[in-house]
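Chemist: Supplied in structure tokens, the structure appears directly below.
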Amino acid sequence: MKSRVISILLTAVLMLSLMYTAVNARNYENLTAIGVNTENSADEYITRGEFAYIAARILSQEDKAPVDTKFDDVKENNANSGYIDYLYSQNIINGISETQFVPEAFVSSTAAAKIIVHILGFDAIAENIGGYPDGYIKTASKLNLFEHAPL
């Protein structure tokens, strides 16, 4: 029962975050609204670092102090470094390599799918139907998370 309540709460928080962002992004739909994998101008994209901040705040309302992370390109002077480090320590995100996270790169829909599916607690299902990336994209699609997003 408790895990069901937590899942419902996380889903509600995620949906509210997406709706808030959608209003600020001129009413684009779903992930397109927050700039994930779209054809928008650079000002309308969301970066990997920004997305890490959003995901970490959904999981924990605590502020994460900037830290030096294991990634060479995410040091304490990066405002999102504490959030990136937190998600990495929770096995929710990875870098593009062992030493590079590339926080200023645009987040892809496959990375967004992995993070959101994990946050919602459906990662075991995603792993059972193919793992990353296909299993996560299929799971996100079954949950209608990316109904209007180009995946």
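The values are calculated or read from the model by the stated rules, or taken from the named source; none is laboratory data. Quantities reported herein were computed from a predicted structural model and do not represent experimental measurements. Here the Cβ positions follow ideal geometry from the backbone for every residue, glycine too, while neighbour counts run over all protein chains shown. What goes into the accessible areas is simple: the full protein's heavy atoms, side chains included, and nothing from ligands, DNA or RNA. Shrake-Rupley method; radii C 1.70, N 1.55, O 1.52, S 1.80 Å.
Chemist: According to the square roots a ≥ b ≥ c of the eigenvalues of the Cα gyration tensor, what is the shape class of region 81-151, taking rounded for a/c under 1.5, prolate for a/b larger than b/c otherwise, and oblate for the remainder?
Modeler: Prolate shape, in that a/c is at least 1.5 and a/b is the bigger ratio.
Chemist: Roll a 1.4 angstrom probe over the protein heavy atoms and tell me the percent of accessible area of region 54-151 that is carbon or sulfur.
Modeler: So the carbon and sulfur contribution to the accessible surface is 49 percent.
Chemist: Here's a follow-up. How much accessible area per residue does region 47-151 have, counting only protein heavy atoms and a probe of 1.4 Å, in square angstrom?
Modeler: With the other protein chains kept in place, region 47-151 gives 51 Å² per residue.
Chemist: In whole angstrom, note down how far apart the Cα centers of region 86-151 and region 50-67 are.
Modeler: The distance from the Cα centre of region 86-151 to that of region 50-67 comes to 16 Å.
Chemist: Near V102, within a Cβ-to-Cβ distance under 10 Å, what is the net charge of the other residues, with Lys and Arg +1 and Asp and Glu -1?
Modeler: Around V102, the surrounding residues sum to -1.
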